[in-house]
1. Which order do 80, 53 fall in if you start with the one that has the fewest other Cβ atoms within 10 Å?
2. DSSP loop (so not H, G, I, E, B), at most 14 other Cβ within 10 Å: list which trypsin sites (Lys or Arg not before Pro) in segment 151-187 pass both filters.
3. Residue-wise, which Karplus ³J(HN,Hα) couplings in Hz belong to segment 120-135, taking 6.51 cos²θ - 1.76 cosθ + 1.60, θ = phi - 60°, and x for glycine or proline?
4. If neighbour count is taken as other Cβ atoms inside 10 Å, put 157, 146 in order from fewest to most.
5. Check each of the GluC sites (Glu not before Pro) in segment 140-171 and keep only those in coil by DSSP with at most 16 other C-beta atoms within 10 angstrom; list them in order.
6. Kindly put 125, 114 in sequence by how many other C-beta atoms sit within 10 Å of each C-beta, fewest to most.
7. Here is the link list: 51/154; 70/154; 51/173; 51/180; 51/183. Which ones come out longer than 27 Å on Cα distance?
8. Rank by packing, highest mean first: peptides 128-134, 58-64, 115-121, 92-98, with packing defined as the count of other Cβ atoms within 10 Å averaged across residues.
Amino acid sequence: MKRVFALFVTFMLSVTLIGCSNNKEKNYVKSSEDQQQETNVSNISFEENTKERIIDYTISYDGEGLLGVKEIDGLMSLFRLALITSFDELTEICTEYNNKAFLSSNNLAYNEDFFENNILIMYSFETGHIENTTVKNVILNDETLFVNLEQSEKEGFFTAEAFYWTINIVVKKQDVGTIKQVKINYQ
């Protein structure tokens, strides 16, 4: 019995050490369900197209959180991505995703004055403590704005729970003209 127990402990330690290896190469695989939900997430190569232009941007929020949820056919749907060009659009999205508290803030930075010159891109995604997601650049290609994200693995030991993260990106209306859609590209 002691041998079986010792063998079991040895096996568990081996599995634990293999799981904690410092392998820099990471394979990001999304389930088919994630791919269906994130229809605006793509992998586009910009080298083939000469019409793209890098756009200046600012990050107005980069932190934990989720704009909201809505019910579709009895199932909960989480907010993912929005291209917001007016305060009315922001109000509609907050109402649709049941987040009236976002609009009731006394220090609301995204007001009608903000949207006179700016466009807001809100992107929420699931992540974990070990991953760091940063905006690499924003590229305009015809009437589509591509937000290129880069993921890296943080150094150290972290817990394994997942949570939602939101990045709010601001671009100037004069820089992008009349864009019709935004797509997220993980590089």
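Here, each number is a calculation from the coordinates, and none is a lab measurement. Since the structure is predicted, the reported quantities are computational estimates derived from the model, not experimental observations. Don't worry about glycine lacking a Cβ; one is built from the backbone with ideal geometry, like all the others, and counts go over all protein chains shown.
1. Details: 80 19, 53 11.
The fewest-first ordering by Cβ neighbours comes to 53, 80.
2. On the way: sites: 154, 172, 173, 180, 183; in loops: 154, 180.
Those satisfying the criteria are 154, 180.
3. 10, 10, 10, 10, 10, 8, 8, 8, x, 5, 7, 9, 10, 10, 10, 7
4. Ranked by crowding around the Cβ, least crowded first: 157, 146.
5. On the way: sites: 143, 150, 153, 155, 161; in loops: 143, 155, 161.
Taking segment 140-171 and a limit of 16 other Cβ atoms within 10 Å, the loop GluC sites (Glu not before Pro) found are 143, 155, 161.
6. On the way: 125 21, 114 17.
Going from least to most buried by this count: 114, 125.
7. Working: 51/154 35 Å; 70/154 32 Å; 51/173 18 Å; 51/180 16 Å; 51/183 16 Å.
Checking Cα-Cα distances, 51/154; 70/154 exceed 27 Å.
8. Numbers: 128-134: 14.1, 58-64: 12.0, 115-121: 17.6, 92-98: 16.0.
Descending mean neighbour count gives 115-121, 92-98, 128-134, 58-64.
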